[in-house]
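Worksheet: one structure, shown below.
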Ligand SMILES: Cc1ncc(COP(=O)(O)O)c(C=O)c1O
């Protein structure tokens, strides 16, 4: 859902650039900074006291001019007050959850979250005395029954990693707001173009900028976006942990954002074309693409999203792991890799990790990332490999 209060295309191109000076460059310069020096102790002290505030030049770990430009641009796209960048998507998730919890807290986490989010919750967070309960991602408003007095956050994804169920953002957030529990949404798939979750009631949006924001598989970056009060807690945690966004990464992300709309429009078109084509192949049992009615929660996508990313799942009839290995190994246009959101197509078998609601659907699941290649080449590649999945 696009909010008309900003011009999305113009913002991507015009924001996050150097301030108006004579002989102005189009792009921010690469700043390699650690120590910053001040002429008077008074200037130093005022920078130190304001070090958690966006825009303060104090010491490289807190940010430099390009970091602040990128944060302001992303805050505008997310229609919110505060963005804090992190060194990766994983760091955005872990620092946010550390900021919101304390020993004795309870959190509710969707059963289909990204594997490292689960690993962080079951590992470090649990060791810090936080209790973690997983919930059926399609629970909607019934999540009310799982909230306790100590629930400190509800964590979910649009759509879930690997299995692509699209939750009802509004129903979960309505219940959470009424119970005064902050919601944390990993919107890596839809960010920052296809939906602005903070306008639907989400309190904190996190995403991996390593994916579509930078867009060229050469940059690690994380984003947290929220209103100022909760954002300041997250920002302090990021700074106190000492997480730091690289200067080069910030420039790569700014460069990537200039073409985000063009890339995602092309990827959305190609992704849906490939998803529909795959759905017609005899080896395919079900396509888990949020824009197709065969994906659980398709109606939530249709209500809240303006488009679809190029990442989706396909359940094949085969139950043979060996056949899936042969199929994936024989593809020429699809690399095998963990990340996604770049310009290149990928294929990766997925084994869903569940605890609240076991994944029982027979067949083998493969995750596809559609890049910017010619869909005709991708179809020809798949058409040649699909018979390897026949019984
Ligand atoms: C949904 C989701 N969230 C978070 C991450 C982590 O991001 P990063 O690789 O930038 O740490 C990923 C990356 O694979 C992801 O798919």
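The values are calculated or read from the model by the stated rules, or taken from the named source; none is laboratory data. All values derive from a computational prediction rather than experimental measurement. A quick note on method: Cβ atoms are made from the backbone with ideal geometry, for glycine too, and the neighbour counts reach across all protein chains shown.
Of the residues making up region 167-213, those that are within 14 Å of the ligand (Cβ to nearest atom) and assigned to a helix (DSSP H, G or I) number 1. Criterion first (surrounded by 21 or more Cβ atoms within 10 Å (Cβ to Cβ), in contact (Cβ under 8 Å) with a residue 24 or more places away in the chain, within 16 Å of the ligand (Cβ to nearest atom) and assigned by TED's automatic domain parsing to the domain that holds residue 166) does residue 124 satisfy it? It is false that residue 124 is surrounded by 21 or more Cβ atoms within 10 Å (Cβ to Cβ), in contact (Cβ under 8 Å) with a residue 24 or more places away in the chain, within 16 Å of the ligand (Cβ to nearest atom) and assigned by TED's automatic domain parsing to the domain that holds residue 166. The set of residues from region 273-308 being under 20 Å from the mean Cα position of the chain (by Cα) and within 29 Å of residue 391 (Cβ to Cβ) comprises 288, 289, 295, 296. The set of residues in region 102-116 that are touching a strand residue (DSSP E or B) at 6+ places or on another chain (Cβ under 7 Å) and either closer than 16 Å to residue 158 by Cβ or outside any loop (DSSP other than H, G, I, E, B) (or both) comprises 106, 107, 108, 109, 110, 111, 112, 113, 114. Checked against the criteria, residue 140 counts as without any contact (Cβ under 8 Å) to a residue 60 or more places away in the chain, away from the ligand (no atom under 16 Å from the Cβ) and in contact with a helix residue (DSSP H, G or I) (Cβ under 8 Å, 6 or more places away or on another chain). Which members of region 256-270 meet the condition of being within 16 Å of residue 369 (Cβ to Cβ) and out of contact with any helix residue (DSSP H, G or I) (no Cβ under 9 Å at 6 or more places or on another chain)? Selection gives 264, 266, 267, 268. Taking first residues from region 74-95 that are within 13 Å of residue 188 (Cα to Cα) and assigned by TED's automatic domain parsing to the domain that holds residue 234 and partners that are more than 8 Å from the ligand (Cβ to nearest atom) and in a loop (DSSP other than H, G, I, E, B), the Cβ contacts under 7 Å between residues at least 6 apart in sequence or on separate chains come to 78/192; 78/196. Of the residues that make up region 243-252, is at least one under 23 Å from residue 8 (Cβ atoms), in contact with a strand residue (DSSP E or B) (Cβ under 6 Å, 6 or more places away or on another chain) and assigned by TED's automatic domain parsing to the domain that holds residue 95? Among the residues of region 243-252, not one is under 23 Å from residue 8 (Cβ atoms), in contact with a strand residue (DSSP E or B) (Cβ under 6 Å, 6 or more places away or on another chain) and assigned by TED's automatic domain parsing to the domain that holds residue 95, which makes the answer no.
Taken as a whole, the condition of being closer than 19 Å to residue 283 by Cβ, crowded, with 22+ Cβ neighbours inside 10 Å and not assigned by TED's automatic domain parsing to the domain that holds residue 252 does not apply to residue 371.
Within region 58-68, does at least one residue satisfy the condition of being surrounded by 22 or more Cβ atoms within 10 Å (Cβ to Cβ), within 15 Å of the ligand (Cβ to nearest atom) and modelled with pLDDT of 95 or more? No, region 58-68 contains no residue that is surrounded by 22 or more Cβ atoms within 10 Å (Cβ to Cβ), within 15 Å of the ligand (Cβ to nearest atom) and modelled with pLDDT of 95 or more. Inclusion of residue 344 among residues that are within 19 Å of the chain's Cα centre (by Cα) and more than 17 Å from residue 114 (Cα to Cα) is warranted.
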